Each structure stands twice: as structure tokens, then as C-alpha cells.
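Right, one structure below, let's go through it.
The values are calculated or read from the model by the stated rules, or taken from the named source; none is laboratory data. As the structure is a prediction and not an experimental result, all values here were calculated from the model. Cβ: placed from backbone, ideal geometry, glycine included. Neighbour counts: every protein chain shown.
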Amino acid sequence: MRFIHTADWHLGTKMTHASFSNATAHADRVREIEESVYRLLDHVKADADMLFVCGDLFDHARIPVSKIEAVFTRMNATGKPVFVVVGNHDDMLHAKAYAHLNRLEHVHIFDGSLKPVRVGDVEVYGLNTDDFSLDKLHTIDENLNPDRINVLCLHGDVTNPKDPHYLIDLKTLKATAFDYIALGHIHKHALLAPHIAYAGNLEPIDFSETDAKGYITGTLEKPITATFEPFATRRFVVKSITLTPEDTTHDIRQKVDAAFSRREKKKDMLRLVFQGHISPHLILDSAFFDVLSEGHYHLECVDNTTVDLDLKQLRKAHKDTIIEAVIDEFERDKGDEEALRLALRALLESGDEG
Ligand SMILES: [Mn+2]
């Protein structure tokens, strides 16, 4: 009996805090997250025996009821027992308008009951974010049947008491007799113990989520040892390149080419941060970044470089020009270096050296 444990799909998220460089990449990503959920459900249908969905399936009311119904219909169509925790982002599922979803044959939405749902030797318990209390946890734990494989599904924080959706500390969870504790809420997957895990989100949402995304799986027999399985369509990857004043556009193209693997270029959402000092002759603008992004599925560039001011060399190269005069004036008056940078750059770009 193989289980799959997933959480935090956040379907319907507008990703308002997402850091995408363009709207198309953003829209594509919203669609991909949905497709990935359906792909996972197909995988459950074909290759698993039970599914734990530990909350935040939906991102508040930003998703139409018809879509929520469609997702539940697809969960039911797996033909496998599906257990759903209501998280802090989908507490609208408690509303009467959604009561009919709990009448689907294979889907069970936890409703505050302390009684398990039994499937063969397995008994599955679940407490929604709103329903959790230490008392309830103890009541369930004290009444576990040791002959069964006991699973608990939760949604909330178990490591940081400052989180408004903090449930309980890990030590208390470890002291219980559950064979597996399936957690949702934290987007980074984590095996807190061999039998206690955060699934993390299924697909990364933006460039702040660069860890691998997927689900947790294991076999429903004592003792349960869970493992993480990558599943996301693509990853978000952030790298930085340090440039030097000697780098030409050709050098930069070579450095960019070497920065990512073939797989990353073909599949992943890439962000490259340029840092270091560059020559004042070098122009890192959006046209150049467009050229750099060719041959990548998605590559966006961030320019954090500063222009190198080798005043001695500059003066020599631009003798008897305005540039020389500007540098002389700066050195005489101990002027503002940032203003000098801007002035020199403008002069060099225009080629108007007088
Ligand atoms: Mn949450």
C-alpha cells in the first residue's frame, strides 16, 4: 500500500508577490500549477493506493466554485481514498456551499471529528487548521488502536511559535504513537522525523522558492519511512555572475552560457544577477538581456553591477576631451563620485567627447 502526501497547491493564487519579469511567464506559471495537480492525480490513479492532501489546496476565494468542484471531481476520479485537510488558505471549504463535496465516494474532507476513517489496516485521522487543539491531539493519541497503521493529517506550523498558524511543537508530535504524520503549510519540504514530514508545495511559485518541489511517499506498513519525490514541472534557479572591468559583451555571453546546465536552459525559470564592476563602455540594457535570454526557456537578468572608474586609464584614453576635463574637475573639487559615474557614462554612451 503506497501513499502519496501532498499539500499547498494554492490553486487560484494570483502570485501578487511573485517576482516574474513579464506577464506571459506569470500566466504560463498559473496554468502549469493547475496542470501539475491533475498530473499528480493521474499518477495517484495509476501508481498509488491513498492520497493525503494536507491543506491550502486553494488560495482563498480567488478561485471560482466551478474550478474547486472540478478539482474535487478529479480527486474522486482517482478511485483511491483521498483525504483532505482544510488549511488556513481554504477555510471557505467549511461553508455550506461546499458540503456536497464531502459526499463524493472517494474523497474525505476532515470535519472536526476525532474519529478515524478506516481503509483496511489503515486508520486516517485529520485535524483542520481551525479544529486543532492539544487536547484533541491527546484524545486521539490515547485512543489509537496499536494494531492499525495510524496516520494523522495536519496543516500548520510545528517549528515556529511566532507563526499565526502554529499548532504544536515537534517534540510533542514525536511523542505520539502515530505511524505517520502528514503535514502541510510550510512550502519547503522537510522530513522532520522518518515518519513526520512536510510535503512542501507541489510547484514553486516564484524566485523565492528555489528548492526542489514534489511530494512525499512511502509504504503503509510499520515502521513508515517517508521519502521525498521531485515532481514539479520546472524549478526556479537564481545564480549570480561577478563581472570585471575587462569583460566584453562577448565574455559575458560566454559566462552566461556556462552558468546553467542544458536541462536548466531548456526547462527552468532562470534568473541571473550580474554583480561586480564593469567597464564604463559596457551597456547592460534590456536589448542586451534579450539577446542573452535566447536559447533559454526563461532567463531574466538583474543588473547589480557598478561602473568601474579607473580614472587614470580613462583620462589617458580620452586626452584633450570633455571626459578629461570632467575628471580633472572632480579631482580638484573632491566631487560626488556617483554624479561623476553618471556623467562619464553619459559621455561615453553618446560618444560626444567634444
Ligand atoms: Mn497554510
Checking ASP206 against (1) crowded, with 21+ Cβ neighbours inside 10 Å; (2) modelled with pLDDT under 95, which test does it fail?
(1)
Look at the range 13-50 and say how many of its residues are assigned to a loop (DSSP other than H, G, I, E, B), within 16 Å of the ligand (Cβ to nearest atom) and at pLDDT 85 or above.
0
Kindly indicate the residue of the range 57-102 that is among the basic types (Lys, Arg) and under 27 Å from LEU167 (Cα atoms) and also nearest to the ligand (Cβ to nearest atom) among those meeting that condition.
ARG62
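To keep it simple, each residue is scored yes or no on (1) at pLDDT 95 or above; (2) within 16 Å of the ligand (Cβ to nearest atom); (3) closer than 22 Å to GLY200 by Cβ.
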{"site": "GLY112", "(1), (2), (3)": "no, no, no"}
{"site": "VAL117", "(1), (2), (3)": "yes, no, no"}
{"site": "GLU123", "(1), (2), (3)": "yes, no, no"}
{"site": "PHE132", "(1), (2), (3)": "yes, yes, yes"}
{"site": "ASP141", "(1), (2), (3)": "yes, no, no"}
{"site": "ARG148", "(1), (2), (3)": "yes, no, no"}
{"site": "LEU152", "(1), (2), (3)": "yes, no, yes"}
{"site": "ASP157", "(1), (2), (3)": "yes, yes, yes"}
Going through the range 55-83 one residue at a time, which ones are assigned to a strand (DSSP E or B), modelled with pLDDT of 95 or more and closer than 19 Å to GLU35 by Cα?
VAL82
Suppose we filter the range 164-214 for residues that are closer than 22 Å to VAL122 by Cβ and free of Cβ contacts under 8 Å to residues at least 60 places away in the same chain; how many remain?
14
Here the residues within the range 95-113 that are out of contact with any Lys or Arg (no Cβ under 8 Å at 6 or more places or on another chain) and either touching a residue at least 24 places away in the same chain (Cβ under 8 Å) or aliphatic (A, V, I, L, M) (or both) are ALA95, ALA97, TYR98, ALA99, LEU101, LEU104, GLU105, VAL107, HIS108, ILE109, PHE110
List the residue pairs whose Cβ atoms are under 6 Å apart, where the first residue sits in the range 39-63 and is closer than 23 Å to LEU220 by Cα, the second is part of a loop (DSSP other than H, G, I, E, B) and hydrophobic (A, V, I, L, M, F, W, C), and the two are 6 or more positions apart or on different chains.
ASP49/MET1
Restricting attention to the range 215-235, which residues are touching a strand residue (DSSP E or B) at 6+ places or on another chain (Cβ under 8 Å), in a loop (DSSP other than H, G, I, E, B) and of a type in the set (Val, Ile, Thr)?
ILE224, THR225
Can you list the helices (runs of 4 or more DSSP H) found entirely within the range 236-354 that contain at least 3 residues being more than 26 Å from SER208 (Cα to Cα)?
249-259, 311-317, 322-333, 337-350
Please go through the range 316-341 and pick out each residue that is surrounded by 11 or more Cβ atoms within 10 Å (Cβ to Cβ) and closer than 15 Å to HIS281 by Cβ.
ALA317, HIS318, THR321, ILE323, ARG341
Please go through the range 182-230 and pick out each residue that is among the aliphatic types (A, V, I, L, M), within 16 Å of the ligand (Cβ to nearest atom) and farther than 26 Å from ARG271 by Cα.
ALA182, LEU183, ALA197
Conditions (1) acidic (Asp, Glu); (2) closer than 27 Å to ALA48 by Cα; (3) within 16 Å of the chain's Cα centre (by Cα); number of the one not met by ASP206:
(2)
